[in-house]
Amino acid sequence: MRSRPFVLVALLSLGLLAACSQPAAPVASAHRFFHIQLASQETQPVSGRLLLFAQDANVAKADAKDGKVTEVDANPFHPTQVAIAAQEVDRLAPGQTIDIDADMRAFPDAWSKLPAGDYVVQAVLDVHHNYNYLGRDAGDLISAVQTVHLPATGIPTITLDATVPAQDPWTLPDSAPANLREAAKVVHQQAQPIDFVSPVLSQFWGRDIHMYGYVVLPPGYDPASAKRYPTVYFTHGFTGNKDRLLRPMAYIEAGMSSGQMPPMIWVFLDESSPTGTHEFADSVNNGPWGQALTTELIPYLESKYHMDADVNGRFLNGHSSGGWATLWLQTRYPKIFGGTWSTSPDPSDFHDFTGPDLYAPHANVYHKPDGTPWPLVRDKGKVLGTFEQFAKMERVLGPYGGQLASFEWVFSPRGKDGRPEQMFDRDTGDVDPQVVAYWHDHYDIAYRLQSNWPALKPDLDGKIHLYVGTADTFYLDGAAHRLKAVLDGLGAHTDFRFIPNRTHFDLYQVGDDHYGLFKQISWAMYAVARPEAQPKLKVNQGR
């Protein structure tokens, strides 16, 4: 699931809207239209997904600092607070104007149904088609926020006259602790970038496919020395990528430099793709990412760095989508990895897919059997958004890179149109049992373990460590309980920890340390790789 709301590069455009030099007068109707103009200072035509956002002006100003609204954007934690309209735009020229029908493709409903009143409105041209994953990204075109009364007496004009600047991926905000900001400087200087062209993925796609990431080496690492180190393979959650890894890298650097974490090599892997997160799973849609990691990238890294390069020296850690990826890698390749510490993983048993049982007769992800909506987002017991709201907002923002579409790119069979088959109908929420059967046979981790435990046990028993909060924001504790029940029934040795009252976003906090769980996990890994270090382990854990 997403660590923050909203990654995609368009493979296909839907509902293409041809730009015209003069805006055509809309047909008389109750639809809400807006003129969208590209500022004349732009130097070339632009294409992308045009997104229009509107929020009740009084609500927006009340929430804004000093009452000044500088941005109007979608928010899955308050999904119905902002209205969204979308349209594909092809080669909009500088100075040119087009009309967008804000009723045609809209969330949560057609804009003609908005209550009369003042709204703050902003337009964004998502030039990379990655809004569902990254939100506003470098190069996107945006307008100023303007106040519009709806229904308007005429057609409002909004001008795309600014470009979203690139962010420095090596700078932490001033609010970050001083030791982390200093560690970030060290990481910037010393982290080893990974840019590996995978032969097997390149063959699948017919073009070069790069695997990205960074290697953080322990203090005192000497390339000329024969000393070797255990290695941790970490991957991020939904909305992460190689440019959003600085904070965990800085924390690990600070922890090892201070002696609060053991000396290990940390490999930070980018699992983002144009379709969301690929989860390092072999997929008929995304390609053989698991094979690429285990047979290509890891051998390459082990030939370059002084890694233990054995099963008891390779570990996995990831959160959210990264939690599922690492759980999958450990259970799929138990002879390669010595243990996973997966936190808040996406559903590992599809009997509880954030709530809905995908295997139930006439399953529906929008409504429970009694007709009430399935919740999807909560905060300390309060429901913030439903599965239906989340899915329909994602559909308007774009066809690629959304969380739910990302699952389908990993888990689903390929359809006749070359895209993955949808697990559920976006209009009704009805689950497709044939698609779910494919999910079950190929990617339901609980089912795979239950079906293959005698063969997996010798290499997997004792290697699964899972942490999740009992108040997980996306209800991911439910599937974790089911997975534990399956493994308990098999007599497996596991380590499941359900942290009371913790959510998806504060799970790693230990006391005043926001990422303290990293320290506990790293020492547990080190105890496997260096059992002779147990006395020192206990001393360091107590710091």
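Of note:
- Pair list, Cβ under 8 Å, 6 or more apart: region 447-463 residue open to solvent by 60 Å² or more (accessible area, probe 1.4 Å), other residue part of a helix (DSSP H, G or I) and of a type in the set (Asp, Glu): Tyr447/Asp441
- Wholly enclosed helices (runs of 4 or more DSSP H) of region 384-489 bearing at least 2 residues β-branched (Val, Ile, Thr): 433-443
- Among the residues making up region 152-161, those that are modelled with pLDDT of 95 or more, of a type outside the set (Ser, Thr, Tyr) and open to solvent by 40 Å² or more (accessible area, probe 1.4 Å) are Ile155, Asp161.
- Scanning region 263-280 for residues that are surrounded by 23 or more Cβ atoms within 10 Å (Cβ to Cβ) and part of a loop (DSSP other than H, G, I, E, B) yields a total of 6.
- Set Pro399, Pro375, Pro361: member being more than 12 Å from Gly429 (Cβ to Cβ) and at pLDDT below 95: Pro399
- Considering Ala60, Ala74, Ala54, Ala83, the condition of being in a helix (DSSP H, G or I) and either at pLDDT 95 or above or crowded, with 22+ Cβ neighbours inside 10 Å (or both) is satisfied by Ala60 alone.
- Scanning region 86-126 for residues that are outside any loop (DSSP other than H, G, I, E, B), open to solvent by 30 Å² or more (accessible area, probe 1.4 Å) and either β-branched (Val, Ile, Thr) or under 23 Å from Lys68 (Cα atoms) (or both) gives a single hit, Asp118.
- Flag for Ser225 being exposed (fewer than 14 other Cβ atoms within 10 Å of the Cβ) and within 18 Å of Lys304 (Cα to Cα): yes
- Any hit, region 412-423, residues being within 18 Å of Ser273 (Cβ to Cβ) and of a type in the set (Gly, Ala, Ser): yes
- Taken as a whole, the condition of being open to solvent by less than 40 Å² (accessible area, probe 1.4 Å), at pLDDT 95 or above, of a type outside the set (D, E, K, R) and over 25 Å from the mean Cα position of the chain (by Cα) does not apply to Trp439.
- Asp310 being open to solvent by 10 Å² or more (accessible area, probe 1.4 Å) and either under 23 Å from Ala405 (Cα atoms) or in contact with a Phe, Trp or Tyr (Cβ under 9 Å, 6 or more places away or on another chain) (or both): no
- Selection within region 236-261 - touching a Gly at 6+ places or on another chain (Cβ under 9 Å) and assigned to a loop (DSSP other than H, G, I, E, B): His236, Gly237, Thr239, Gly240, Leu245, Met261
The values are calculated or read from the model by the stated rules, or taken from the named source; none is laboratory data. Everything numeric in this text was worked out from a predicted model, so none of it was measured. Here the Cβ is made from the backbone with ideal geometry for all residues, glycine too, and neighbour counts use every protein chain on show. Remember, those area values only see protein heavy atoms, side chains included, never the ligands or the DNA or RNA. Shrake-Rupley method; radii C 1.70, N 1.55, O 1.52, S 1.80 Å.
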